[in-house]
Amino acid sequence: MNYQKGLAEVADGIFAYLQPDGGWGWSNAGLVAADSSSLLVDTLFDLRLTAEMLDSMAPITHARPIATLVNTHANGDHCFGNQLVEGAEIIASEASAAEMEELPPTMLAAMMKADLGEATNNYLSEAFGPFDFVGIETPKPTRTFSKSLSIDLGGRVAELIEVGPAHTAGDTLVYLPDQSTIFTGDILFIEGTPIVWNGPVDNWINACAKIIDLGCDVVVPGHGPMTDDAGVAAVADYLRFVRTEASARHEAGMRAEDAARDIELGQYREWLDWERIAINVEAVYREIDPDHEPANVMDLFRQMAGLKQGK
C-alpha cells in the first residue's frame with residue numbers, strides 16, 4: 001500500500017492508521033473490527049491527532065464501538081490519547097503499565113521549556129514542536145498481563161505477545177491469526193532508526209525473529225510504512241550492527257559518546273533519525289558494563305543534536 005497519512009483496510013476488518021514520515025512522534029496505530037465491537041491498537045502523541053484518527057474510524061466504530069484499547073508500550077506517541085477512548089477497557093503489559101506512570105506528558109512539556117542550549121533546544125523543537133502536550137491525562141490500564149494474553153473480541157481473537165524489555169520495558173505485539181496480521185508497536189521502525197530506550201538488544205533481535213516465525217502476510221510497524229519479513233530482518237540487522245560496533249569500542253576503552261561519533265553508519269546513515277545511534281550505543285554500554293554511568297535523557301538529546309549538526 002502507499003505510505004500516506006490516514007486509515008486503510010489492510011486485511012478483512014483490520015485497519016492501519018499511518019502517520020508519515022514516521023519520525024519522532026509520528027507513530028502508527030490500528031483498528032480491529034469484530035462482530036459488534038472493535039479493538040484499537042494504540043493512540044497517538046496528543047489529543048488533536050488522536051481525535052482526528054478516531055474521527056476517521058467513526059464510520060466503522062459507530063456500529064462497532066471501541067470496547068478494548070491495547071497499548072503496545074508506554075511511550076507517549078502510543079498512549080497519550082488514551083483519555084479520548086471513553087469507556088474502553090485499556091490493556092497493557094504489567095511492565096508497560098508501570099512505565100506509563102514514569103513517563104507523564106508533563107515531563108515532555110517541561111523538557112520543551114528547559115534551557116538546554118540553542119542546538120539542543122532547536123533539535124527538540126524540530127522533533128516535538130508539532131505536538132501539544134497540554135491537557136493530556138493518562139488513565140491507567142484497567143487490565144494488565146505478563147507474557148501473553150488471548151482476547152476474544154466476539155467473532156475473532158487477538159493474541160497479545162509480550163516481547164519486552166526491548167525498545168521499552170514491556171513491548172507487546174498484537175497478532176490477529178485469522179487474518180495473518182500483526183501490529184508490532186515500536187519493535188519495528190521501518191525506514192527509520194530504532195531507539196533502544198531499554199534493551200537488552202538480544203531481546204529485541206529475538207522479538208524480530210518471533211515476528212518472522214509467525215509468518216504474517218500483513219505487518220504494521222510502530223513507525224514507518226507497512227513492511228514484510230525483509231523489513232523485519234533489516235531492523236534485526238541494524239541492532240546486530242550497533243551491538244558489534246559499540247562492543248568493540250567499549251573493549252577499546254572508548255567513551256560511549258565518542259563511540260557514537262566514531263561509528264561509520266554506512267547504509268544506516270540513510271535511515272531517518274540516524275543520530276539515534278547515540279541512544280543505542282549508550283544502551284549497549286549499559287548492557288555490557290554494570291559499572292557504566294548512564295547518560296541522562298537530556299544529555300542524550302544534546303548528543304543527538306550535535307551529531308545532527310556534524311559536531
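I want to verify a result. In a Gaussian network model of the chain, Cα cutoff 10 Å, which of these has the top mean-square fluctuation: ALA248, ALA98, ALA169?
Comparing ALA248, ALA98, ALA169 in the GNM, the peak value goes to ALA248.
Sort MET304, MET57, MET112 so that the residue with the fewest other Cβ atoms within 10 Å of its own Cβ comes first and the one with the most comes last.
MET112, MET57, MET304
Any chance you could check the Cα centroid distance between the stretch 256-302 and the stretch 175-251 for me, in angstrom?
Spelled out, the Cα-based centre of one part sits 18 Å from the other.
Strictly greater than 33 Å: what percent of every Cα pair in the stretch 6-227 meets that?
The answer is 10 percent, as a whole percent.
Any chance you could give the angle, 0 to 90 degrees and rounded to 10, that helix 47-61 forms with the longest Cα principal axis of the chain?
30 degrees
Report the gain in length on full extension from MET112 to ASP289: 0.36 nm times residue separation, minus Cα-Cα distance, nm rounded to one decimal.
60.6 nm
DSSP loop GluC sites (Glu not before Pro) in the stretch 111-204 with at most 13 other Cβ atoms within 10 Å of their Cβ, which ones?
Filter output for the stretch 111-204: GLU137.
Within the chain, what percent of beta bridges assigned by DSSP are antiparallel, to the nearest 5?
65 percent
Excluding HIS62 itself, what net charge comes from residues whose Cβ is under 15 Å from its Cβ, given Lys and Arg +1 and Asp and Glu -1?
Here the charged neighbours net out to -2.
By counting other Cβ atoms within 10 Å of each Cβ, how are LYS210, LYS113 ranked from fewest to most?
Details: LYS210 17, LYS113 9.
Arranged by neighbour count, lowest to highest, LYS210, LYS113 become LYS113, LYS210.
If Lys and Arg each add +1 and Asp and Glu each add -1, what is the summed charge of the other residues whose beta carbon sits under 13 Å from the beta carbon of ALA51?
-4
Just rank SER150, SER93, SER247, fewest to most, by other beta-carbon atoms within 10 angstrom.
SER150, SER247, SER93
Show that you can apply the helix-only estimate: for the chain, add -39,500 (n - 2.57) for every DSSP H stretch of four or more residues, divide by all residues, and state [θ] at 222 nm to the nearest 500.
About -11500 deg cm²/dmol.
How charged is the neighbourhood of PRO177? Take every other residue with its Cβ under 10 Å from the Cβ of PRO177, and add Lys/Arg as +1 and Asp/Glu as -1.
Charge balance near PRO177 sits at -1.
Values in this text are rule-based calculations from the coordinates and carry no lab data. Every value quoted in this text rests on a predicted model; they were computed, and no experiment measured them. Every residue, glycine as well, gets a Cβ built from its backbone with ideal geometry; the counts of neighbours run over all protein chains shown.
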